[in-house]
Amino acid sequence: MMVGLAICAFYELIWVAESEAWYGAFVASAALPAYMALFLAKGGAARTSPRLIPVQIVAIIGAAVAAYPLFDRNPVSETQVWPLAAAVLSVLGLQWYVFVYSRYGRKKSGAIVAGRPLPDLAFEALDGARVRTSDFIGSKTLLVFFRGNWCPLCMGQLREVRARADRLEAAGVKVKFISNQSPERSRELALKLALPDHFEILHDRELRAAKSLAIEDIGGAPPGLKDFPADTVMATVIGLDAEGRVIYGDETDNYRVRPHPDSFLPVFEAPNTERTPQRSPNVIASIKTETMMDT
């Protein structure tokens, strides 16, 4: 919607130019698309700030510029009303994106409980072999449920974890990236990330494991994606000790906010990891340290 409004405002500025208020409308409507374009251009980013305060400030300034002619001229003409309407609609659309669209509205999973094992979930390895969570017992395990290769935030998150492969290996941690995308797509990803031996991508057929954990996101993939399932998973990170018990859990309620690896690596590196599991954080606590810098 905001892309369309930005195009409309740009057209009015360049080819019509009946009101300078369209400058404000363009700023308000282009704030979020411009931010997302810059975010994607950076590459590898795993998170944004949760409320996108700078983007909101820019959009509100744009709306103020669009509104100024209403107070500066009398009587008010239709040429001043339309740019203000576009700017206000853009600000409201931004609020919807930040506070509604970006949120899962999830409830904390009753299966991800600190100190307890997960249900015995079943996955498929990329070679077709059957894998269960009971097979993980004997080594510490990091499970990262991600949405798919199409999700830039997921790709940034996986790259962050991959970049800490040496620390994870030194801590005796085996890493499992889990998705319901096709094994072919996951093989492409495994090659792209050049995964070491202690990393593995697992296939969660029909989201069976995700549904057992109550972390599925039915219809959560953007429409129009080719060769990817429409149903996906809510981004979730789980740490298990060598006995298969949960020692870390992040169930973010905002798909744009993922835990930084440096926030959970100390859990695995602690010498008493297997004896004193950390409390699995709830939605707010799990992202608090990641979102204090709301830039």
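Brief remarks follow.
- Residue match in segment 205-218 (condition: surrounded by fewer than 17 Cβ atoms within 10 Å (Cβ to Cβ), of a type outside the set (S, T, N, Q), under 26 Å from ARG106 (Cα atoms) and touching a strand residue (DSSP E or B) at 6+ places or on another chain (Cβ under 7 Å)): yes
- Enumeration of residues in segment 85-109 that are in a loop (DSSP other than H, G, I, E, B) and either under 17 Å from ALA67 (Cβ atoms) or small (Gly, Ala, Ser) (or both): SER102, GLY105, SER109
Results for (1) among the hydrophobic types (A, V, I, L, M, F, W, C); (2) in contact with a Gly (Cβ under 9 Å, 6 or more places away or on another chain), shown as yes or no for each residue.
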| position | (1), (2) |
| --- | --- |
| LEU94 | yes, no |
| ALA111 | yes, no |
| PRO119 | no, no |
| ALA125 | yes, no |
| GLY128 | no, no |
| LEU142 | yes, yes |
| ALA170 | yes, no |
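- Qualifying residue in segment 67-83 (condition: modelled with pLDDT under 95, part of a helix (DSSP H, G or I) and within 28 Å of the chain's Cα centre (by Cα)): no
- Filtered residue count, segment 242-254, keeping only those that are among the charged types (D, E, K, R) and crowded, with 23+ Cβ neighbours inside 10 Å: 2
- Considering residues of segment 147-195 that are within 15 Å of the chain's Cα centre (by Cα) and farther than 23 Å from ILE218 by Cα only, the residue most open to solvent (accessible area, probe 1.4 Å): ARG159
The values are calculated or read from the model by the stated rules, or taken from the named source; none is laboratory data. Bear in mind the structure is a predicted one, so any value in this text is a computation, not a measurement. When we count neighbours, we look across all protein chains shown, and the Cβ atoms used for this are built from the backbone with ideal geometry, even at glycine. Calculation scope for accessible area: heavy atoms of the full protein, side chains included, ligands and nucleic acids excluded. Shrake-Rupley method; radii C 1.70, N 1.55, O 1.52, S 1.80 Å.
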